[in-house]
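So the structure is just underneath, and the comments pick up after that.
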Amino acid sequence: MDLMVAFAFHCACLALALADCPPPAVQNAAFTPVQSSYTDGANVTFTCNTGYGLQGSRIHYCRGSSWEGSLTCYEQFCETMNNPRNGIIVGNPSYKIGTYITFQCNTGYTLKGNSQLLCRVDLKFDRNPPTCDVNMCPDFGAIDHARIFQATDGGIENDYGSVVKVTCEDSYVLDGHVSVFCQGDGTWGPKPTCKPLDCGRFDGMNSSCVKDFVLLGTLYYMECKSDVPNTRIGAPDSTSSPNECEERSRKWMYSQFGCFCHCKVMYNKNIVKTENLDPNDYLPHNTDLKWSCKEGCTKKQNNALRCMDGQMELPSSQFGCFCHCKVMYNKNIVKTENLDPNDYLPHNTDLKWSCKEGCTKNQTNALRCMDGQMELPSCTCDANVHTGEPYTTDITTKSSPTGQTGEPYTTYRPTNPCPGFCIIATIIGAVVLAVVALIVIYMYKKKKWCFVQNMEAPLPMIEPPHEKGGNPFNGNTSKPNDDNNMKHIEEMDKLLSDNK
């Protein structure tokens, strides 16, 4: 029994070992040779389908009943392309091998080259990409009684998108659109004509801010520009209402009909003050500018400044202010006659001035104020003026106190200034003289007082000679005589003389 089981197990193992491999399976690949089964040790060779690349082992081996080897076939693509200039790539191409990409040009451009490219097996396209060339219109030609203008911002005339502006001569009006475009197919749009105007011309027909206009029969339609501030005059109830040439009166419904530009006013905001400009410094059409000069300046002219269809009636060079001159001078030696209380001299005015007595002018020419600038007055003084030394003026340029023109002003100093110790010595000398004077006065008063005292004191009385002789005051009992009396009188006279 045990022998039978062992035999059966051995046979089963042998049958399993001798079983064939089924055909292999790899996605997006084919193999050779193709058989229904493969014996142990057999091999097959794989090839990836078109558009796929091989990664792994190309040959697989049958080992028992399974295959030995690993393989992946991955999808491949051509390099993507950018849209051509002035064109596109149609749709959303896959860029797979064997597929096409298609090119198309924008309106107004013609494709030059092949419109389709094939992605090859080597992952390259079969041709170079095409280009898109601009379509050209023929020369515009002439229109009777019209003026033709074509802008060439890109440097090319008559290419797609070019615009020709048509205006009519006097006494003619445009029938059609003022702007004619070169169209995408290389032809010009409908051209207008210039017809005699039965109603004549109206004010504003050629106003500067008209963007477009068209005459349809007797109706004149007008469109204003939107990028420039302007005033529309005529048909005030609507921005699209036309002007009409009335057949019976042979006159226009609106004698003034147009788009009139506002004026951009350029000015020096440091010295000019305006009142009626908008925030962008535009003045409406047919409006007088309200303006003034700041303190210390006067207008260049007093005529009205009016905006007329984008142009000021006065050139910008004549619009502005002339500033007065701040005159700085030494009022100790210079005398002026025609300055205002703040020492300003009006523009284009000669200074009337002179030097004070003992001084002479350093300038002999006229000193005139011209828009805040002028030469300043200065004097040279004799030695007996001020410090007793010659006095001159030195001109130093400094900013104007008003901060407007930076005109020079004049400072004055002596040519031989006394050093500081001279001033100290002068003070000390004055003090010494004052003290000496006080001492003299004091001694004089003291001496006078002594004299008065002596005058008021009682003198010794001289009595008549004593009968017994002698002077009872000094104990002299000798008898006086005339010689002694005279001597005594002389001594008294001398004393009185000394007191005087």
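Please determine whether any residue of region 145-160 is assigned to a loop (DSSP other than H, G, I, E, B), exposed (fewer than 12 other Cβ atoms within 10 Å of the Cβ), of a type in the set (S, T, Y) and at pLDDT below 90.
Checked region 145-160: at least one residue is assigned to a loop (DSSP other than H, G, I, E, B), exposed (fewer than 12 other Cβ atoms within 10 Å of the Cβ), of a type in the set (S, T, Y) and at pLDDT below 90.
Going by the conditions given, is L197 at pLDDT below 90, within 22 Å of M253 (Cβ to Cβ) and under 45 Å from the mean Cα position of the chain (by Cα)?
No.
For L314, which of the numbered conditions (1) in contact with a Ser or Thr (Cβ under 6 Å, 6 or more places away or on another chain); (2) assigned to a loop (DSSP other than H, G, I, E, B); (3) not basic (K, R) fails to hold?
(1)
Given the options Y160, Y61, name the one that is free of Cβ contacts under 8 Å to residues at least 40 places away in the same chain and among the aromatic types (F, W, Y).
The conditions single out Y61.
If only one of D139, D133 is at pLDDT 90 or above, more than 30 Å from C21 (Cβ to Cβ) and touching a Lys or Arg at 6+ places or on another chain (Cβ under 6 Å), which one is it?
Within the list D139, D133, the selection yields D133.
Please determine, by comparing only the residues of region 40-81 that are of a type outside the set (D, E, K, R) and out of contact with any strand residue (DSSP E or B) (no Cβ under 7 Å at 6 or more places or on another chain), which one is farthest from N106 (Cα to Cα).
Of everything passing the filter in region 40-81, G64 is farthest from N106 (Cα to Cα).
Please determine, by comparing only the residues of region 38-56 that are in a strand (DSSP E or B) and of a type in the set (A, V, I, L, M, F, W, C), which one is nearest to the chain's Cα centre (by Cα).
Only one residue fits best here, namely L54.
Picking from F103, F149, which residue would you name as being touching a residue at least 24 places away in the same chain (Cβ under 8 Å), farther than 30 Å from L54 by Cα and hydrophobic (A, V, I, L, M, F, W, C)?
Answer to the check: F103.
Is there a residue being in contact (Cβ under 8 Å) with a residue 12 or more places away in the chain and touching an Asp or Glu at 6+ places or on another chain (Cβ under 7 Å) anywhere in region 45-58?
yes
To keep it simple, each residue is scored yes or no on (1) of a type in the set (K, R); (2) at pLDDT 90 or above; (3) under 24 Å from V26 (Cα atoms).
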residue: A42; (1), (2), (3): no, yes, yes
residue: T50; (1), (2), (3): no, no, yes
residue: S57; (1), (2), (3): no, yes, yes
residue: Y61; (1), (2), (3): no, yes, yes
residue: W67; (1), (2), (3): no, yes, yes
residue: Y74; (1), (2), (3): no, yes, yes
residue: T80; (1), (2), (3): no, yes, no
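Mind checking which residues of region 72-81 are part of a loop (DSSP other than H, G, I, E, B) and either surrounded by 13 or more Cβ atoms within 10 Å (Cβ to Cβ) or not hydroxyl-bearing (S, T, Y) (or both)?
Q76, C78, E79, M81
Among (1) farther than 17 Å from G186 by Cβ; (2) in contact with a Cys (Cβ under 6 Å, 6 or more places away or on another chain), there is one condition I148 misses while meeting the rest; what is its number?
Looking at each condition in turn, I148 falls short on (2).
Among the candidates S241, S292, single out the residue that is closer than 30 Å to K326 by Cβ and among the small types (G, A, S).
Result: S292 is the single residue among S241, S292 that is closer than 30 Å to K326 by Cβ and among the small types (G, A, S).
Restricting the search to region 91-120, which residues are of a type in the set (F, W, Y) and assigned to a loop (DSSP other than H, G, I, E, B)?
Listed by number, the list holds a single entry, Y95.
Determine whether T298 is hydroxyl-bearing (S, T, Y), in a loop (DSSP other than H, G, I, E, B), more than 25 Å from the chain's Cα centre (by Cα) and at pLDDT below 90.
Answer is no for this residue.
What are the residue pairs meeting all of these: first residue in region 202-224, first residue in contact (Cβ under 8 Å) with a residue 60 or more places away in the chain, second residue surrounded by fewer than 16 Cβ atoms within 10 Å (Cβ to Cβ) and of a type in the set (K, R), Cβ atoms under 6 Å, and 6 or more apart or on different chains?
C209/K225
Which residues, counting only those in region 82-95, are touching a strand residue (DSSP E or B) at 6+ places or on another chain (Cβ under 6 Å) and exposed (fewer than 14 other Cβ atoms within 10 Å of the Cβ)?
Result: N83, I88, V90.
Of (1) over 26 Å from A304 (Cβ atoms); (2) at pLDDT 90 or above, R250 satisfies all except one. Which?
(2)
Name, by its number, the condition in (1) in contact with a Phe, Trp or Tyr (Cβ under 7 Å, 6 or more places away or on another chain); (2) within 22 Å of G200 (Cα to Cα) that does not hold for C132.
If we test C132 against (1) in contact with a Phe, Trp or Tyr (Cβ under 7 Å, 6 or more places away or on another chain); (2) within 22 Å of G200 (Cα to Cα), just (2) comes out false.
How many residues, within region 331-356, are in a loop (DSSP other than H, G, I, E, B), in contact (Cβ under 8 Å) with a residue 24 or more places away in the chain and more than 17 Å from T298 (Cβ to Cβ)?
3
The values are calculated or read from the model by the stated rules, or taken from the named source; none is laboratory data. Keep in mind that what you see is a predicted model, and the values were worked out from it rather than measured. Counting neighbours? That spans all protein chains shown, and the Cβs are built from the backbone with ideal geometry, glycine included.
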